[in-house]
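Student: If you scroll down you'll find the structure; I have some questions about it.
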Amino acid sequence: MNVKVVYYSQSGNTEAIANEIASELGVPAYTIDEMPAAALDCDVLFLGGAPYLNALAKELREYANAIPAGKVGRVVLFTTSGVSRRTILALRKILLRKGILVDCKHFFAPEFAIESRKPAARAFARKHVKEANSICCGTDVKAVAVTAISIAVATAAVAGVTVAAVCGARHFKKR
Ligand SMILES: Cc1cc2nc3c(=O)[nH]c(=O)nc-3n(C[C@H](O)[C@H](O)[C@H](O)COP(=O)(O)O)c2cc1C
C-alpha cells in the first residue's frame, strides 16, 4: 500500500505529529512544498494542518484544492490547534466536493499536549492504514447501518402489533 504523509505547519506542532505518523508507517513526512499536490499518487494520504485566526491556512486550502481526484485513494486528516477543529471541517468539505474519500475519523492533538499525544498519533496511523474500515463520503457508515437496523426493527414491531390488533378485532367480531 502506497502511503504519503503531507503537512502544513508554521510553528512545528503539526510537523511533530506528521513526523510521528510518518515514522510509524516507515515513510517520509513532506511539507506541502516538498510534495506538490499534482505529484500525489497514493492509496492513502495523511494530510495535516492547523487553524490560524479561526481559518484554514490559505496555503493548505490551495493545496487541498489542487489534489487530483482519482490519484489519491482516500485521505486521513490530522490537526493541531488551540481548540478548533476548523482545519478538519474545511479540508473535509474541499476534498469531498472534489469526490475524494475522507476517513470519518481524524487525529487531533491540542497545542499544549503535542508531546503526550505522540503515542496516540502512532496508534492512529497504524489503525488507519492496517484497519482501513471507516471510510466515509460525508457519511458515518456505521451510524447509517445502526439507524437502518433500528428502523427495520421498529417497523417490524409496529407491523406485528397491527396484525395482532386486526386479528383480535376479527376474533371478537365473529363471537
Ligand atoms: C496567529 C495564530 C492564530 C491562531 N488561531 C487559532 C484559532 O483560531 N483557533 C485555534 O484553535 N488555535 C489557533 N492557533 C493555535 C494554532 O492553531 C496551534 O498552535 C497549532 O498547533 C499551530 O500549528 P503549527 O505549529 O503546525 O503551525 C493560532 C496560532 C497562531 C500563531
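The values are calculated or read from the model by the stated rules, or taken from the named source; none is laboratory data. Computed from a predicted model, the values in this text were never measured in an experiment. Positions of Cβ are backbone-derived with ideal geometry, glycine not excepted, and every protein chain shown enters the neighbour counts. Side chains are part of the model used for accessible areas, which takes the heavy atoms of the whole protein and leaves out ligands, DNA and RNA. Shrake-Rupley method; radii C 1.70, N 1.55, O 1.52, S 1.80 Å.
Student: Out of all the residues in region 17-53, which are part of a strand (DSSP E or B), in contact with a helix residue (DSSP H, G or I) (Cβ under 8 Å, 6 or more places away or on another chain) and farther than 13 Å from Y7 by Cβ?
Tutor: Hits for region 17-53 are V44, P51.
Student: Could we say that Y52 is of a type in the set (F, W, Y) and either under 17 Å from the mean Cα position of the chain (by Cα) or within 18 Å of A16 (Cα to Cα) (or both) here?
Tutor: In short, yes.
Student: Looking for something within 14 Å of the ligand (Cβ to nearest atom), open to solvent by 10 Å² or more (accessible area, probe 1.4 Å), assigned by TED's automatic domain parsing to the domain that holds R126 and touching a residue at least 60 places away in the same chain (Cβ under 8 Å) - is there at least one such residue anywhere in region 22-45?
Tutor: No, that holds for no residue.
Student: Is there a residue being open to solvent by 30 Å² or more (accessible area, probe 1.4 Å), at pLDDT 95 or above, within 12 Å of the ligand (Cβ to nearest atom) and assigned to a strand (DSSP E or B) anywhere in region 95-104?
Tutor: no
Student: For region 54-70, which residues satisfy the criterion of being not polar (S, T, N, Q) and not in a helix (DSSP H, G or I)?
Tutor: A55, L56, A57, I67, P68, A69, G70
Student: Give the residues of region 71-94 that are in a helix (DSSP H, G or I), in contact with a strand residue (DSSP E or B) (Cβ under 6 Å, 6 or more places away or on another chain) and within 16 Å of the ligand (Cβ to nearest atom), sorted by residue number.
Tutor: R86, T87, I88, A90, L91
Student: Follow-up question, since we're still on this one. What single numbered condition from (1) part of a strand (DSSP E or B); (2) within 18 Å of R126 (Cβ to Cβ); (3) within 14 Å of the ligand (Cβ to nearest atom) fails to hold for V6?
Tutor: (2)
Student: Among the candidates R61, R92, which residue alone is farther than 17 Å from M35 by Cβ and crowded, with 17+ Cβ neighbours inside 10 Å?
Tutor: Going through R61, R92 in turn, just one is farther than 17 Å from M35 by Cβ and crowded, with 17+ Cβ neighbours inside 10 Å: R92.
Student: Next question, about the same structure. With the requirement that a residue be of a type outside the set (A, V, I, L, M, F, W, C) and open to solvent by 10 Å² or more (accessible area, probe 1.4 Å), what does region 49-58 give you?
Tutor: Correct list: P51, Y52, N54, K58.
Student: When you look at T79, is it touching a Lys or Arg at 6+ places or on another chain (Cβ under 7 Å) and either open to solvent by less than 30 Å² (accessible area, probe 1.4 Å) or at pLDDT 95 or above (or both), yes or no?
Tutor: Taking the combined requirement at face value, the residue satisfies it.
Student: Ok, one more. Of all residues in region 109-119, which are within 15 Å of the ligand (Cβ to nearest atom) and either open to solvent by 30 Å² or more (accessible area, probe 1.4 Å) or small (G, A, S) (or both)?
Tutor: If the condition is that a residue be within 15 Å of the ligand (Cβ to nearest atom) and either open to solvent by 30 Å² or more (accessible area, probe 1.4 Å) or small (G, A, S) (or both), then A109, E111, F112, A113, E115, S116, R117, K118 are the ones that fit.
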